[in-house]
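Asks: What follows is a structure written as structure tokens; I'll ask about it next.
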Ligand SMILES: Cc1cc2nc3c(=O)[nH]c(=O)nc-3n(C[C@H](O)[C@H](O)[C@H](O)COP(=O)(O)OP(=O)(O)OC[C@H]3O[C@@H](n4cnc5c(N)ncnc54)[C@H](O)[C@@H]3O)c2cc1C
């Protein structure tokens, strides 16, 4: 009987442009597709609750695409996979190269264990545009600034063309037993809080490809101008697809790049570049979710204020755009990039609460919670990251709302208790007079909170804290 090969799926839950699956199919051997759920990863970063919800749906779709053949196991992949290989008599294990540093370390252990069993590790291209570590400065160093990093990426040319889904796959007839998907306990049950996620998303490769096609034919043309408007559907919303590998960045790159020469094309490719840069940074600083890249920020004089943190999480800060973003997140597991920046800035600068706390909240609530993009986003806002926004640039949330949600559509959707206020007051309800509030049916302090902090005072406090950090660090 022909020895089977194992294909180990990780964050690449798709059939198309999957180098590991492609190579396994090309070998003509019977395939055993495997997914291993590790609820105790070495970096301690088990996917958060919203991402686990997504993972459940994505695994169900992958399994359906594989004719129900996906073998699910639980444990450490570097122990589970060699066990399976031994049980099945498999001679080759295919997977795609890891991009998260702790997975890179585990993969090295896996390769050694397989070699000891006489099993070949066949490792395909990673889910980045360029292999991690390949984009270097002229002197061979690591980039810390995005623009020159991206210039070198662009100079290296287009990434490889995406591979098609295997035309034919044969499966090992009596493969090993696995766990039922429900046994992985990825979905919330008591209570099931995920109805908003269900309403907003359909995980899985088919829906991902439809979303990509829809974006390229639709919003991409105006992406350069509309991407900063949370009130419009101006971005691709592909982030959870990329996070779980329902799409590869190569597929998104090529679909974008071949969509014409509109202004949106290069701007969208550049956003994929930020994902690339985030993984480049994570490779240099695996602890980025905890440790500021600029070491001086470790001594930042953060406050402790559990009540303010709770109000922020619940979208009850009294600043409507901040609250709209946080409620969009809670309801749908996703937040527009502009709202992410404003909400993160508010936590860090207005409330002076540690960015790590905000990162952890996003980690638990985002369906796209990403080991690289999330800490890089937070450190960018905090000013402690590579090529970050300077700390002293403090967003004025009301002004941000006036610029990026000019008609108030986004704010009204997520903060409906203010919906009847005219737009001039919607973004600054504390400036409304009693008659204006009464006409809109708003009781400030009852239906909607007074601002947690005054913008000017909070800004002054943030700048003072930053100055103290500067003095402390000499
Ligand atoms: C505080 C904060 C936290 C963030 N956390 C995450 C996270 O956990 N996961 C995540 O994918 N993105 C994160 N981002 C980046 C960005 O907000 C999202 O990638 C984007 O909003 C996703 O929407 P989209 O798919 O419509 O993006 P598009 O604008 O259509 O961009 C296409 C893709 O490019 C990548 N991308 C876009 N912007 C960025 C960026 N600034 N940094 C890195 N990659 C980017 C994403 O993969 C995205 O799907 C964060 C940003 C901030 C400010």
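Every number in this text was worked out from the coordinates using simple rules, so none of it is lab data. Fair warning: this is a prediction, and the values are worked out from it, not measured in the lab. Cβ: placed from backbone, ideal geometry, glycine included. Neighbour counts: every protein chain shown.
Asks: Starting from the Kirkwood Rh over alpha-carbon pairs, what translational D in µm² s⁻¹ does the range 1-135 have by Stokes-Einstein at 20 °C and 1.002 mPa s? Intermediate results must be reported in sequence, preceding the final value.
Replies: Working: Rh = 15.3 Å.
It comes out at roughly 140 µm²/s.
Asks: Next question, about the same structure. Please report the orientation-averaged projected area of the range 151-210, defined via the convex hull of its C-alpha atoms, in nm².
Replies: Details: hull surface 35.4 nm².
The Cα convex hull of the range 151-210, projected and averaged over all directions, gives 8.8 nm².
Asks: For the chain, what does the helix formula give at 222 nm: sum of -39500 (n - 2.57) over DSSP H segments with n ≥ 4, over the residue count, nearest 500 deg cm²/dmol? Spell out each step's value before the answer.
Replies: On the way: 21 runs with 215 residues, N = 474.
One gets -13500 deg cm²/dmol as the mean residue ellipticity at 222 nm.
Asks: Helix 77-88: angle to the longest alpha-carbon principal axis of the chain, degrees 0 to 90, nearest 10?
Replies: Once rounded, the angle reads 30 degrees.
Asks: So how compact is the range 295-472: Cα radius of gyration and Dmax in angstrom?
Replies: Looking at the range 295-472, its Cα Rg and Dmax stand at 16.1, 51 Å.
Asks: Hey, another quick one. Could you tell me how far the Cα centroid of the range 203-249 sits from the Cα centroid of the range 256-302, in Å?
Replies: Result: 18 Å between the Cα centres.
Asks: Any idea what angle helix 455-472 forms with the longest principal axis of the chain, computed on alpha-carbon atoms, 0 to 90 degrees, nearest 10?
Replies: The angle comes out at about 60 degrees.
Asks: Would you mind getting me the FRET efficiency between residue 165 and residue 40? Use the beta-carbon distance for r and R0 = 35 Å, nearest 0.05. Walk me through the numbers on the way to the answer.
Replies: Working: r = 33 Å, r/R0 = 0.94.
According to the calculation, E is roughly 0.60.
Asks: What ranking, highest mean first, results for peptides 132-144, 363-375 when packing means the other Cβ atoms within 10 Å averaged over each residue? The partial results should precede the final answer.
Replies: Details: 132-144: 12.9, 363-375: 23.7.
Final packing ranking: 363-375, 132-144.
Asks: Take the alpha carbon atoms of the chain, find their radius of gyration, then divide it by 2.2 N^0.38 Å using N residues; give the quotient. Walk me through the intermediate numbers first.
Replies: Working: Rg = 23.7 Å, N = 474, 2.2 N^0.38 = 22.9 Å.
Computed over Cα atoms of the chain, the ratio equals 1.04.
Asks: Distance from the Cα centre of the range 316-342 to that of the range 102-118, in angstrom?
Replies: 42 Å
Asks: Tell me, how many Å apart are the Cα centres for the range 61-97 and for the range 344-364?
Replies: So the two Cα centres are separated by 38 Å.
Asks: Moving on to the next point. Students often get this wrong: which residues of the range 226-240 have the backbone nitrogen under 19 Å from the point 7 angstrom along Cα-to-C-beta of residue 199?
Replies: Residues passing the 19 Å test: 231-233.
Asks: Sorted by average packing, counted as other Cβ atoms within 10 angstrom per residue and highest first, what order do 429-435, 322-328 take? If you can, show how the numbers build up before the last one.
Replies: Values: 429-435: 14.0, 322-328: 26.1.
Listed from highest to lowest mean packing, they are 322-328, 429-435.
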